[in-house]
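Take a look at the structure set out below.
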Amino acid sequence: MKIKLLAKVILYSILIGSPIIANNAIAALSSGNSTAPILINSVTISRDPSSTSRSTSISLTNLGPKLSQWQLGFLYLQTPLLQFAPAINPNSVLQICDANNQCSQLTYLKAPNIKSPDLSAGYTTILAGSVPLLQGQTYTIQLLHINQGAPVNYANVPQNFFLINSNKEISHINTGPSTYHFTDYDQNAINKKIKQHIENNWNSSAAQQKITNPIVPAPVSYLVEKGIYKLNQAIVIHNLLEGSNAVASLFASSLTNDLGISAKIDNSNIDTGIIIKKITDPAVINNNPEGYQIQIQTDRIVINVLNDTGLFYAYQTLRQLWNQSATIQNATIIDYPRFRYRGLLLDTARHFFTPNEIKKLIDLMAAHKLNTLHIHFADDEGFRLDVLGAGFAGGTRGYGQLIGSMVFTQANLDSTNYQNKSYPYADDIYSHFYNASDIQQLIAYANANKITIIPEIDIPGHARGLIKGLPDSMIDPNDKSQFVSVQGYTDDVIPVCLYDPNSSSPNHFTTTINQVVQQIASLFTSQTTLYARDNEISVGADEVSQHAWSRDPECQDDWANLTALEKGQKFFQMMSNYNPTLLFSGWQQLVQTDGISLGNHIVPANQTAHIWVWNTADNGVAQAINLAQKNYPTVLTFANETYFDLTYTPDIREPGLTWATNFSDTHAALTAAISASAVIKDLSPSIQTNVVGIEGALWSEDLTTWEHLVYMALPKIAGLSEASWSPASVTVTDNNKVDWQSLAQRLGCGDTGFLAYLNKRYGVHYRGYPDGIKLELPAGVC
């Protein structure tokens, strides 16, 4: 997740010696998921008078015996450690007060070093009180004057509270939606705001009275003709393409599954049934290898393509049509994508998704004609690949583990938890990673669906999972730098200034980090999709604290006068020079400053495969233009448009983060088409293809389950699909309006339309189920 701070993160040295910070080694504990003798009466989140900061008050009562020594832990997703750093927020206060308003300071418990099991870290807070909690007495824990971000929905409130007693026994404290109070939240005002947003989206989009084209994403051309074609049991699929019948077999299996039709496949040149041919005039599909032409006639369906990939997308289109009716209107469909990169990022570091769940996501991507799955395998909260043995320690977390309880969201606060699943508690052991066999199976499945998988780990920042997994290689004990990352970590960078591959005796860090990137790139090479790049690895390269390596004695000579961002870029430049066969991809900070210009020590364009731009469109458009002008293959992932983990609306019940927008809906994803046009129009024709595509992102800080992921992804992916596949002439009008009315009608209002199709064939519980896109439309449209 990328978060734009309201204030700069500064030297963590301010925190050293502060009374709210304590370094405590963790003791052995007992568990059992028991309930604590503590009642949380209320959690109140209020705006401070005459200030933009907020405060959180937690009222609790001790229903059990006196607690002389106690610790209280919880997840607070939008409020990491840095909120209470005195120099970032000198007015912040952590305290507990009794009924007589006698208050004492609370201690923020932190492990002594990164090799120790975690206590407080990132969004997980563990506080220790210096006063006993007396039986029957009520107390108020106050987190005062928080000036960077605030919870605006149940997903981001303090939650999953747990108590640790003097015997190091951990027990849970229950809360529910009724526990929480937002003093400045006005449901009527929010409803009005949402209603106005929906109406503005509708009224400012291109008007569309009647839809003749039912397909999502919209094809280049859909010309309706007289007559119908009726699918029946006698149908034969005649595959005249050279190669295998793999895609033709998809036609047959889906006809059986969807309509109960047992179609046969042969390679005969017969003019009935479904006929698959190599296109004789590729100009019809703009010479695009993913394009297709479908001619639906009264006695046949003719599919003209260049290869199996085009045939696969023709199959996706026809499957949508025959799921509406086995009797299909005659038509000629010409189609090919606007962009060759149509991607989705899946974050498996914050929350793990099983190989089977990822395969289900691949099915949904294929149905939307997306072709790239960008998997984020490593971050501060976990390392999910079995590389050099890092997967076990880096992929295991829970209280008492090297990686502590991280992003352990609460089940009854998650509005997507319609199945009432149990979610992990702080003391549950959450241990998951992918082995080589898992990866090969995922690649094979994705490639069969014409989807390339790009692996990503995040270095040199966001690297805490890797550091925990390989501590003997990834830590420089001489680095005394003090910093806080955006997400509140003080120890999440690898020692880049130690990198010295040309030494006659390279140090352990250099050898190990080279092996990590080489092995990961090797795992994902030799994919069979059209646009797969051998030996590609994304290294992230984003959000390094500006004070990282500021007191590292290894950062001398050429490193000495570089900023933290420049040190990271120099590290990657050196790594790319040493590994010339690798292609290094990453977020824009891999090669770009925090502004628009490129860095001075960067990986060259010819050794990158993709640069993703994550800033909001107001800044991201200019950054993308400059990257494309410098010949970097640029992917638009503007956070306010296609960060799908952000909330649909500002309603308190809607899950998701809000830092870039609180209206991350399907319309927002569709507007990526406008932003793409804004980037391209400022490029000369010869380099416009450097803008390779658009990506949606599913960061998973609070995507605890598959069901939650689906809720945040659908129907937003349809907007991404339309923006990245359909031509600009369809998605964006001359007066810069998107085709929202058209897309919404094709998505449908319940029993019919694309969302009904996804539910019927893929069993997904999209947001708004079973009423189609109704939640995003003005009253009366559905």
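The values are calculated or read from the model by the stated rules, or taken from the named source; none is laboratory data. From a predicted model like this one, the values you see are computed outputs, not experimental measurements. A quick note on method: Cβ atoms are made from the backbone with ideal geometry, for glycine too, and the neighbour counts reach across all protein chains shown. Ligands, DNA and RNA are stripped out before the accessible areas are found, and what is left, the full protein with its side chains, is counted by its heavy atoms. Shrake-Rupley method; radii C 1.70, N 1.55, O 1.52, S 1.80 Å.
Just to be sure, is residue 166 open to solvent by 10 Å² or more (accessible area, probe 1.4 Å) and assigned to a helix (DSSP H, G or I)?
Answer is no for this residue.
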Residue 738 fails exactly one of (1) open to solvent by 70 Å² or more (accessible area, probe 1.4 Å); (2) touching a strand residue (DSSP E or B) at 6+ places or on another chain (Cβ under 7 Å), namely (1)
Might you let me know whether the range 474-481 holds any residue that is at pLDDT 95 or above, crowded, with 24+ Cβ neighbours inside 10 Å and among the hydrophobic types (A, V, I, L, M, F, W, C)?
-> yes
Of the residues in the range 728-764, those that are at positive phi and modelled with pLDDT of 95 or more number 3
- Query: modelled with pLDDT under 95, crowded, with 18+ Cβ neighbours inside 10 Å and among the polar types (S, T, N, Q) - does that describe any residue in the range 490-500?
  - Reply: yes
When (1) touching a Gly at 6+ places or on another chain (Cβ under 7 Å); (2) assigned to a loop (DSSP other than H, G, I, E, B); (3) not polar (S, T, N, Q) are applied to residue 456, the one that fails is (2)
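Pull up the range 89-134, narrow it to residues that are of a type in the set (A, V, I, L, M) and within 27 Å of residue 472 (Cβ to Cβ), then point me to the one that is surrounded by the fewest Cβ atoms within 10 Å (Cβ to Cβ). Full working, then the answer.
In the first step, residues of the range 89-134 are kept if they are of a type in the set (A, V, I, L, M); the result is 93-94, 96, 99, 106, 109, 111, 114, 119, 121, 126-128, 131, 133-134.
Those still in the list that are within 27 Å of residue 472 (Cβ to Cβ) too: 109, 111, 114, 119, 121, 126.
On the way: 109: 22, 111: 20, 114: 18, 119: 26, 121: 26, 126: 26.
Of everything passing the filter in the range 89-134, 114 is surrounded by the fewest Cβ atoms within 10 Å (Cβ to Cβ).
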- Query: Does the range 505-515 contain any residue that is buried (at least 21 other Cβ atoms within 10 Å of the Cβ) and under 24 Å from the mean Cα position of the chain (by Cα)?
  - Reply: no
Quiz item: Restricting attention to the range 31-39, does a residue exist that is modelled with pLDDT of 90 or more and in a loop (DSSP other than H, G, I, E, B)?
Solution: yes
Inside the range 59-79, the number of residues satisfying the requirement of being farther than 15 Å from residue 150 by Cα, open to solvent by less than 10 Å² (accessible area, probe 1.4 Å) and either assigned to a strand (DSSP E or B) or without any contact (Cβ under 8 Å) to a residue 24 or more places away in the chain (or both) is 5
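Might you let me know whether the range 353-360 holds any residue that is polar (S, T, N, Q), at pLDDT 95 or above and open to solvent by 10 Å² or more (accessible area, probe 1.4 Å)? Give the steps one after another, and end with the answer.
Step one: list which residues in the range 353-360 are polar (S, T, N, Q), which gives 354, 356.
The next check asks that each one be at pLDDT 95 or above; those that pass are 354, 356.
With the extra rule that they be open to solvent by 10 Å² or more (accessible area, probe 1.4 Å), the set shrinks to 354, 356.
So far as the range 353-360 goes, yes, one or more of its residues are polar (S, T, N, Q), at pLDDT 95 or above and open to solvent by 10 Å² or more (accessible area, probe 1.4 Å).
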When residue 579 is run through (1) closer than 19 Å to residue 509 by Cβ; (2) in contact with a strand residue (DSSP E or B) (Cβ under 8 Å, 6 or more places away or on another chain), the failure sits at (2)
>> Taking the criterion of being of a type in the set (Val, Ile, Thr), more than 25 Å from the chain's Cα centre (by Cα) and farther than 19 Å from residue 635 by Cα, would at least one residue in the range 586-602 satisfy it?
In response: no
Open to solvent by 20 Å² or more (accessible area, probe 1.4 Å) and under 21 Å from the mean Cα position of the chain (by Cα): does that describe residue 765? yes
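Within the range 647-660, can you find the residues that are open to solvent by 10 Å² or more (accessible area, probe 1.4 Å) and in contact with a strand residue (DSSP E or B) (Cβ under 8 Å, 6 or more places away or on another chain)? Full working, then the answer.
Of the residues in the range 647-660, the ones open to solvent by 10 Å² or more (accessible area, probe 1.4 Å) are 649-654, 658-660.
Within the range 647-660, 652, 658, 659, 660 meet the criteria.
Taking the options 166, 205, name whichever one is in contact with a strand residue (DSSP E or B) (Cβ under 8 Å, 6 or more places away or on another chain), modelled with pLDDT under 95, over 22 Å from residue 755 (Cα atoms) and not charged (D, E, K, R).
Values: 205 fails: over 22 Å from residue 755 (Cα atoms).
After ruling out the rest, the residue left standing is 166.
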The one condition residue 618 fails out of (1) touching a residue at least 24 places away in the same chain (Cβ under 8 Å); (2) open to solvent by 20 Å² or more (accessible area, probe 1.4 Å); (3) not polar (S, T, N, Q) is (1)
| message | For the structure I just gave you, tell me whether residue 637 is touching a residue at least 60 places away in the same chain (Cβ under 8 Å) and open to solvent by less than 10 Å² (accessible area, probe 1.4 Å). | response | yes
Sole miss for residue 342 among (1) among the basic types (Lys, Arg); (2) open to solvent by 10 Å² or more (accessible area, probe 1.4 Å); (3) touching a strand residue (DSSP E or B) at 6+ places or on another chain (Cβ under 9 Å) is condition (2)
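If you check 663, 584, 644, which single one turns out to be among the aromatic types (Phe, Trp, Tyr), closer than 22 Å to residue 737 by Cβ and touching a strand residue (DSSP E or B) at 6+ places or on another chain (Cβ under 9 Å)? Quick ask: steps written out before the conclusion?
Values: 584 fails: closer than 22 Å to residue 737 by Cβ; 644 fails: closer than 22 Å to residue 737 by Cβ.
So the residue among 663, 584, 644 that is among the aromatic types (Phe, Trp, Tyr), closer than 22 Å to residue 737 by Cβ and touching a strand residue (DSSP E or B) at 6+ places or on another chain (Cβ under 9 Å) is 663.
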Inside the range 186-205, the number of residues satisfying the requirement of being surrounded by fewer than 17 Cβ atoms within 10 Å (Cβ to Cβ) and not in a helix (DSSP H, G or I) is 2
Would you confirm whether or not the range 357-370 contains a residue that is under 30 Å from residue 34 (Cα atoms), of a type in the set (Gly, Ala, Ser) and in contact (Cβ under 8 Å) with a residue 60 or more places away in the chain? no
Scanning the range 677-700 residue by residue, those surrounded by fewer than 23 Cβ atoms within 10 Å (Cβ to Cβ) and part of a loop (DSSP other than H, G, I, E, B) turn out to be 682, 683, 684
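For residues in the range 388-442 being among the acidic types (Asp, Glu) and not in a helix (DSSP H, G or I), which is farthest from residue 765 (Cα to Cα)?
First, the residues of the range 388-442 that are among the acidic types (Asp, Glu): 414, 427-428, 438.
Restricting the remaining residues to those that are not in a helix (DSSP H, G or I) gives 414, 427-428.
Numbers: 414: 15, 427: 30, 428: 27 Å.
Residue satisfying both the conditions and the ranking: 427.
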Just one listed residue, out of 241, 250, 223, 306, is closer than 30 Å to residue 715 by Cα and in contact with a helix residue (DSSP H, G or I) (Cβ under 8 Å, 6 or more places away or on another chain), and it is 250
With criteria (1) within 27 Å of residue 73 (Cα to Cα); (2) surrounded by fewer than 24 Cβ atoms within 10 Å (Cβ to Cβ), residue 348 comes up short on (2)
A careful count of residues in the range 583-597 that are buried (at least 21 other Cβ atoms within 10 Å of the Cβ) and of a type in the set (Gly, Ala, Ser) gives 2
Of 697, 660, 669, the only residue that is of a type outside the set (S, T, N, Q) and within 19 Å of residue 215 (Cα to Cα) is 669
By my count, strands (runs of 3 or more DSSP E) wholly in the range 206-294 with at least 1 residues that are touching a Leu at 6+ places or on another chain (Cβ under 6 Å) and surrounded by 12 or more Cβ atoms within 10 Å (Cβ to Cβ) are 273-278
Subset of the range 701-720, residues open to solvent by 10 Å² or more (accessible area, probe 1.4 Å), outside any loop (DSSP other than H, G, I, E, B) and not hydrophobic (A, V, I, L, M, F, W, C), comes to 707, 711
